[in-house]
Each structure stands twice: as C-alpha cells, then as structure tokens.
1. How are the alpha carbon pair distances in the range 140-217 distributed across 10 Å bins from zero to the largest one, expressed in percent?
2. Above 23 angstrom, tally the Cα pairs of the chain and express them as a % of all pairs, no decimals.
3. Can you show me the helix-derived [θ] at 222 nm for the chain, built from DSSP H runs with n ≥ 4 at -39,500 (n - 2.57) apiece and divided by the number of residues, rounded to the nearest 500.
4. Note down the magnitude of the dipole of the range 95-181 about its Cα centre, charges +1 on Lys and Arg C-beta and -1 on Asp and Glu C-beta and zero elsewhere, to the nearest 20 debye.
5. Provide the net charge surrounding residue 257, with neighbours chosen by a C-beta distance below 13 Å and charges set as Lys +1, Arg +1, Asp -1, Glu -1.
6. Pop out the ³J(HN,Hα) list for the range 223-232 in order, Karplus 6.51 cos²θ - 1.76 cosθ + 1.60 with θ = phi - 60°, rounded to Hz; leave Gly and Pro as x.
7. Charges at C-beta only: +1 for Lys and Arg, -1 for Asp and Glu. How large is the resulting dipole of the chain about its Cα centre, in Debye rounded to 20?
8. Could you grab the relative contact order for the chain? Cα pairs under 8 Å, six or more apart, rounded to a whole percent.
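The values are calculated or read from the model by the stated rules, or taken from the named source; none is laboratory data. These numbers were taken from a predicted model, which means no experiment stands behind them. Here the Cβ positions follow ideal geometry from the backbone for every residue, glycine too, while neighbour counts run over all protein chains shown. Side chains are part of the model used for accessible areas, which takes the heavy atoms of the whole protein and leaves out ligands, DNA and RNA. Shrake-Rupley method; radii C 1.70, N 1.55, O 1.52, S 1.80 Å.
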Amino acid sequence: MRGFLTLIKICKEKRKMIMSLAFADFRKRFVGSYFGAVWMLIQPLVTIAIYAFIFGPYGFKSSPPVPNVSYTTWLIPGMVPWFFFSEVMNMNTGILQEYQYLVKKVVFPIELLPIIKLISCSLVHLFFLLVMFLFALFSREPILITWPQVFFYSFATAFYALALSFFTSAVSVFFKDMQQIVGIVLQFGIWMTPIMYDETLFTGKAPIVKWILKINPMYYIVAGYRDSMLTGHWFFERPGLSLYFWGVTTVLFLFSLRFFRSLRPHFSDVL
C-alpha cells in the first residue's frame, strides 16, 4: 500500500511532465504516416465491420440478448473496451525497451512510463467512445441516463490494464518472448469474453461456463458497457461482480507494482 501511495504522490508532483510525454507519445505514433491519426480508427472499425457481417444478419444471424437491438449496436459496446484494453497491453508490455533511454536515467521515476502510455491510449479510446455514442444516436437508440457511466467502466478498464502492465513490462525486460505471449493471450481472451456471442449460447447447455466466464475481469467491463449503453442498468445493480472485480484488480495492482519495483534496480543493467 505504501508503494501505491508513493506512486500517487509522484503522479501528482509530475502531472505536467506526464501529460506532456503522453501527448508526445500520441503524436509520435503517427509521425510520417500519410493519413496520420485516421489509422487509429480504420483497423478497429474494419474489425467491427467483419464481425458484424459474420455474426450479424448476413452470416450466422446471431441474436443479441437485448430486445429490439441490432447485432452491430450490441457488438460495439463490447468491442470498444476490448480495443482499449488490448492496445494498452500491447503497448505497455514493451514500454521499457521503447523508452530505455529514460530507464537508464537514475532520476527518472520509471513507474510513470506505463501510466504515460496508458494516457496516450486513452486519447484513442476517447475517439471510440465518441464513435460509439454517435452510432447509437444514428441508430435511433433511446438516450439513456446511464450513458455517462461508460467513463466509470473506462476507468475500470484502465486500472485493470495498468495492473497487468506493471507485471508484463517488468518481465519483458528479462524475457523477450513476453510480448508474443501477451499477443496470444489477447487473441484467446477475446473469445473467453462474451463479446461477439451471447453467453447463453454456452451457459444454457453447461451452467458452469457462466462462472468460468465471470472469472475473467473483462466480463465485468464488457457487461458494464452494455448495461450503460443498452439496458440502462447501474453498476451497483451487479454488487457481487463489482466487489469481485475491484477486489481482484486491487490485489493484482499492488502485487504487480511491488514486483515492478523489486526488479527496477536491474532494468538498466539488462537494457
């Protein structure tokens, strides 16, 4: 807990530097690209279009569990947080190698690097939240009072991704294959989270699958986005799932931060 409080203190003291580096990181990702930041939208939107075509009315004709809602409208609130989570994990796992010139500086608090990259990814996520809201409006979905709740679940996604990032980024310094492992786990994880399919497709045949799916913290986040955008349910209407998510994520965050700091003295030697 002391490490967590120290991290908050450092973030408060270095907030201007953090924001400056985060915006610089965001701009750097599109330097030299002809279409610039447009690329950050194209690939995810194409992915959504492919899934919507395959599982929607032109493919397997999957029916979303929310009445009077199209498959695409149901799919988008599930894909948006997953894009955010997977981008943070992919970017942060190799963050220490990317910024090794800062890691080797004794005076720089390198615990801030995963946070800087997280903020950079959050800027992209804001664009997708805007796309999600606009799509809901153009689809003539009713405007629900719970729509702003997606920002609460965005924070939950960020906190969970950051908790994992401290661990994967530290391991990646000594075990280069960690980035490939994270990529494979993310490919597997998107199917272990009921994003493209209705969970009742499996839970109806094997009720234990319901509990297996809920073990995954991303289940809580995806369900929360859909609650906010489609059904109008509040986060406190899932008390058990909320306690489980925040309990597991907090413990994971404290463990990963301590693990990161225990390996920190060796980072500059290896890099």
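1. P(r) for the range 140-217, in whole percents per bin: 14, 31, 34, 17, 3, 0.
2. Everything past 23 Å amounts to 56 percent.
3. After summing the helix terms and dividing by residue count, I get -23500 deg cm²/dmol.
4. The dipole magnitude comes to about 160 debye.
5. +3
6. 4, x, 4, 6, 4, 5, 8, 10, 9, x
7. About 700 debye.
8. After rounding, I find 27 percent.
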